[in-house]
Structure formats: C-alpha cells, structure tokens
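A.B. asks: I'd like to ask some things about the structure below.
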Ligand SMILES: [Ca+2]
Ligand SMILES: [Ca+2]
C-alpha cells in the first residue's frame, strides 16, 4: 500500500500542473505549456520540434497516463496501482520521468541546469513568479549558478517515490511554502 504521505506528494506533484485548479489536466494544457516552453527558449524550428516532442512524451506518459484528460483522483489511482503491483518498476518509472524532464531543461546538454533553464520550465507550467522560481532553484544549492541534472532528478524522484515522512524532504517544504 502506498501510504498517505506518498499519496499527498503525488497530489502535490499533480497540482503543480493543474494551474486553473479545476482538478484536472488535459491536452489543451499540454499544448499551452509546451508552446510556452519553446517560445521562452527562443528555439529554432528543429530544436522546437525535438523539445515539443519530448515535452509531449513527458506529459502523456507520466502525468496523463495516456489519457487526453485526467483528474487528480484518476492520476492517484494510476500511481497507486503501479506502485502496489511492482514497487521497483514504479521507482524506475519515476526516475525515467524525471530524467526526461531534467534533460529537457538542460538545453545545451552539458549535464547542468541553470537558473534560467529552471525559470523557463516553471513558467511553462504557469509558475510565473520569478522570486518563487529563484527560491526553488537556490534551494538546490547551485554552484556557479548551476545544478547537476542528476541532483534535480534525485530530488524529484524522491518526492514521487519515498514513503518515509520522518526524513526532511526539501521539495515538500518548498511546496508547502509556495503553492
Ligand atoms: Ca486544470
Ligand atoms: Ca545545461
């Protein structure tokens, strides 16, 4: 069984994408977000196509579970079933999810995410307050303005997979402060 702590974190993650707070995420939201992501990065046509395809793969597979519209409770049910049928596979799935999005943020492919990369990703999902966006990035302890992709993958994968509420979770603290 997935415990209440983990389920509450899945809800936090889902709510991140449900900007209008109507309890669901749909294909139209994906279209808006991926376009915004490409526009803010000023991609050329080829870069734009690759990034938009990856963005779609990310949302379709991991956020929307192959549906064109998904509610928070449906999302939690999909997560719960996958978690309870094979925990190891579920953890792998969440890592893949985070690797996909963190590599998407690393636009120049040097294995590092800059504050600007991070702000663009946040803004693509309508988190437009740069003060907040910068606070999240600074919480990752950047060195010379950059954080390794791996660090961010670990933090977000842990959010989505770790049931131990006794360990402090940086992202839970940020979600509680800012969302
Ligand atoms: Ca929504
Ligand atoms: Ca980079």
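Nothing in this text is a laboratory measurement; each read-out follows from the coordinates by a stated rule. Please read all numbers here as calculations on a predicted model, not as lab measurements. Neighbour counts run over all protein chains shown; Cβ positions are idealised from the backbone, glycine included.
A.B. asks: Among 128, 97, 144, which one moves the most in a GNM of the chain with springs linking Cα atoms closer than 10 Å?
C.D. replies: Taking springs between Cα atoms under 10 Å, the residue moving most is 144.
A.B. asks: Could you give the length gained on full extension between residue 31 and residue 1, defined as 0.36 nm per residue of separation minus the Cα-Cα distance, in nm? Could you put the intermediate results ahead of the total?
C.D. replies: Numbers: separation 30, 0.36 × 30 = 10.80 nm, distance 3.42 nm.
Length difference between fully extended and current span is 7.4 nm.
A.B. asks: Which one of 117, 86, 18 has the biggest mean-square fluctuation once the chain is modelled by GNM with Cα springs under 10 Å?
C.D. replies: Looking only at 117, 86, 18, the biggest GNM fluctuation is shown by 86.
A.B. asks: What number, in nm² with one decimal, is the all-direction average of the projected area of the convex hull of the alpha-carbon atoms of segment 4-178? Please report the intermediate quantities before stating the final value.
C.D. replies: Working: hull surface 39.4 nm².
Computing the convex hull of the Cα atoms and averaging its projections yields 9.8 nm².
A.B. asks: Could you sort 9-17, 61-69 so that the peptide with the highest average Cβ count within 10 Å comes first and the rest follow in order?
C.D. replies: Result, highest mean first: 9-17, 61-69.
A.B. asks: Kindly state, to the nearest 0.05, the FRET efficiency for residue 89 paired with residue 39, given R0 = 30 Å and r defined as their beta-carbon distance. Let's see the in-between values first.
C.D. replies: Values: r = 36 Å, r/R0 = 1.19.
The calculated FRET efficiency here is 0.25.
A.B. asks: In the Gaussian network model of the chain, springs joining C-alpha atoms below 10 Å, which of 42, 118, 127 carries the largest mean-square fluctuation?
C.D. replies: Of 42, 118, 127, the most mobile in the Gaussian network model is 42.
A.B. asks: What value, in deg cm²/dmol to 500, does the helix sum -39500 (n - 2.57) over DSSP H runs of n ≥ 4 give at 222 nm once divided by the residues of the chain? Don't skip to the answer; put the middle values down first.
C.D. replies: On the way: 9 runs with 117 residues, N = 179.
One gets -20500 deg cm²/dmol as the mean residue ellipticity at 222 nm.
A.B. asks: Hey, any idea what Rg/Rh is for segment 1-65, computing Rh the Kirkwood way over Cα pairs?
C.D. replies: When Rh is taken as the Kirkwood radius, the ratio is 1.07.
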